[in-house]
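The values are calculated or read from the model by the stated rules, or taken from the named source; none is laboratory data. Here the structure is a predicted model, which means the values were calculated and not measured. Every residue, glycine among them, receives a Cβ derived from its backbone with ideal geometry; neighbour counts consider all protein chains shown. Please note that ligands, DNA and RNA were not included when accessible areas were found on the heavy atoms of the full protein model with its side chains. Shrake-Rupley method; radii C 1.70, N 1.55, O 1.52, S 1.80 Å.
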Amino acid sequence: MPHHVFLHVPKTAGSTLRTVLSRQYGAKHVLYFDLGHGDPRPMAQMVAQARARAGTTDIRLYTGHQYLGLHAALAEPCLYFTLLRDPVERALSEYFYAFSYPHHAQRVEILSGALGPMEFLTRRHGGGNAQAQQIGGRTQQPLLEAALANLHHTIAVVGVAEAFERSLLLIARRLGWAPPVHLARNVTRLDAAQEAARAAARIEASAHRSLFATDQTLYEAARARLDADCAAEGAAFDSALAAFQRCQSSLAEGAGDAVFERYEFRGDDALPFWVAAVLAGPDYAEVAAFLAQPPRPSPAPVNLMGQVLRAEGGLVQGWAADLFATRPVTLRLMAGETPLGATRAQLFHPGPEAARFACGCCGFRLRLPEGAGPLRLVADGTNIALPDPDGLLR
């Protein structure tokens, strides 16, 4: 069975979703840890240390502020899912979070007034690619190119925070969850003056949207994919979504200050006793019946492993495997958008890494055209590039 992996992009409704995840997987079966994008350690080493600290091997969900690539660290298939958010709204949310979160890195500067929202937006988030870095992972490809390739071919389900209930129902449908009813959590608590400051900052921030061009493009692609995936589920999805939203409206009426409570996977998040009335109602029953239907066929995600190892004598060599595929990976040699050749990774390749896949029969050799470059090898049908850590094709 593939591992489920939630790539938690900060400030994308994660506080609410964590409570849902605890009830779907059981908090003791969730391994939450962060993998810094700039951490030079091998990812497999970081994962092994996190698992050792957890003290259990019965892990049903991996999550945290991670970048995509856990399947390569585990050498086991992973079903990734994630939520993205409008990048300017996400950055402003992180700024105003300092008023509620005592460990915010810029809390002292923000609360003192030394760091205003626009300076935070332009100084801290001027790169405008925080979400793309997590989705793109460790890559030598151009970041947006890698992030879009993973969004469309590696991530099994993607949603957006602005359509949270719609996204959550789609995730539940694709991953086989029970109805994901929940009490919304909002850990940023602001007084009237701070709310007014946030409203003013939203207006002023529109002038800086161009700084977030990379994440904006990725976010728009995520919204488009969400629309297409929901449409593919048919009219039954729309009916179940309306029922789910009615359930959530009933729950929101009695939430009170519970929306400001933090949750950190220290035990299963418990819904209050009065939720039983909602769970016994016809709307919940409709959602449950929809989620119990057999899943619609959909393309398997790509979990590409391997790397380019040598390029000499006019030949490029290495190994490649797709952890979800039943057949050898076909690789296309590309110069920009121009295909120059193709090969199937089915030759015997010695070595401990390749030996775990197809009895080691996952190697490839491909003749390189003279004078072409820079080049990349991508999995057929995708734009996901095979790692080339030594830059042999550049």
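Could we say that Tyr219 is touching a helix residue (DSSP H, G or I) at 6+ places or on another chain (Cβ under 7 Å), aromatic (Phe, Trp, Tyr) and at pLDDT below 95 here? No; evaluated as a whole, the condition is false for this residue. When Thr12 is tested against (1) farther than 20 Å from Tyr97 by Cβ; (2) in a loop (DSSP other than H, G, I, E, B); (3) among the β-branched types (Val, Ile, Thr), just one condition goes unmet, and that condition is (1). With respect to the stated conditions, Asp39 fails to be without any contact (Cβ under 8 Å) to a residue 60 or more places away in the chain, farther than 30 Å from Arg198 by Cα, open to solvent by 50 Å² or more (accessible area, probe 1.4 Å) and not in a helix (DSSP H, G or I).
Tell me yes or no: at least one residue of the range 228-235 is surrounded by 14 or more Cβ atoms within 10 Å (Cβ to Cβ) and in a helix (DSSP H, G or I). Checked against the condition, which is being surrounded by 14 or more Cβ atoms within 10 Å (Cβ to Cβ) and in a helix (DSSP H, G or I), the range 228-235 yields at least one hit. Residues considered: Arg173, Arg185. Of these, the only one that is closer than 18 Å to Tyr80 by Cβ and crowded, with 20+ Cβ neighbours inside 10 Å is Arg173. Residues in the range 205-244 that are over 23 Å from Ile135 (Cβ atoms) and out of contact with any Leu (no Cβ under 9 Å at 6 or more places or on another chain): Ser206, Ala207, Gly234, Ala235, Ala236, Asp238, Ser239, Ala242, Ala243. Within the range 1-36, the set of residues being surrounded by fewer than 17 Cβ atoms within 10 Å (Cβ to Cβ) and among the aromatic types (Phe, Trp, Tyr) comprises just one member, Phe33.
Within the option set Ala285, Ala277, Ala292, Ala311, being under 30 Å from Arg174 (Cα atoms), more than 30 Å from the chain's Cα centre (by Cα) and open to solvent by 20 Å² or more (accessible area, probe 1.4 Å) holds for one residue only, Ala277. State the number of residues belonging to the range 1-46 that are closer than 27 Å to Leu271 by Cα, touching a Leu at 6+ places or on another chain (Cβ under 6 Å) and of a type outside the set (A, V, I, L, M, F, W, C). Residues in the range 1-46 being closer than 27 Å to Leu271 by Cα, touching a Leu at 6+ places or on another chain (Cβ under 6 Å) and of a type outside the set (A, V, I, L, M, F, W, C): 3 in total. Applying the criterion of being open to solvent by less than 60 Å² (accessible area, probe 1.4 Å) and assigned to a strand (DSSP E or B) to the residues of the range 323-341, the residue that is farthest from Ala300 (Cα to Cα) is Ala335.
Close contacts from the range 346-366, counting a first residue that is farther than 18 Å from Val308 by Cβ and a second that is open to solvent by less than 40 Å² (accessible area, probe 1.4 Å), with Cβ to Cβ under 6 Å and a gap of 6+ residues or different chains, come to Arg356/Ala75. Checking Pro389 against (1) open to solvent by 70 Å² or more (accessible area, probe 1.4 Å); (2) touching a residue at least 60 places away in the same chain (Cβ under 8 Å), which single condition isn't satisfied? It fails just one condition, (1). Annotation: of all residues in the range 108-123 being touching a residue at least 60 places away in the same chain (Cβ under 8 Å) and under 13 Å from Glu94 (Cβ atoms), the one that is nearest to the chain's Cα centre (by Cα) is Leu121.
Take the conditions (1) within 21 Å of the chain's Cα centre (by Cα); (2) at pLDDT 90 or above; (3) basic (Lys, Arg); (4) within 30 Å of Pro102 (Cβ to Cβ); Arg202 misses just one of them, which is (1).
Glu162 - would you say it is open to solvent by 60 Å² or more (accessible area, probe 1.4 Å), touching a residue at least 40 places away in the same chain (Cβ under 8 Å) and either in a strand (DSSP E or B) or under 30 Å from Arg60 (Cα atoms) (or both)?
yes
Of everything in the range 367-386 that is in contact with a Gly (Cβ under 9 Å, 6 or more places away or on another chain) and open to solvent by 60 Å² or more (accessible area, probe 1.4 Å), the residue that is farthest from Gln307 (Cα to Cα) is Glu370.
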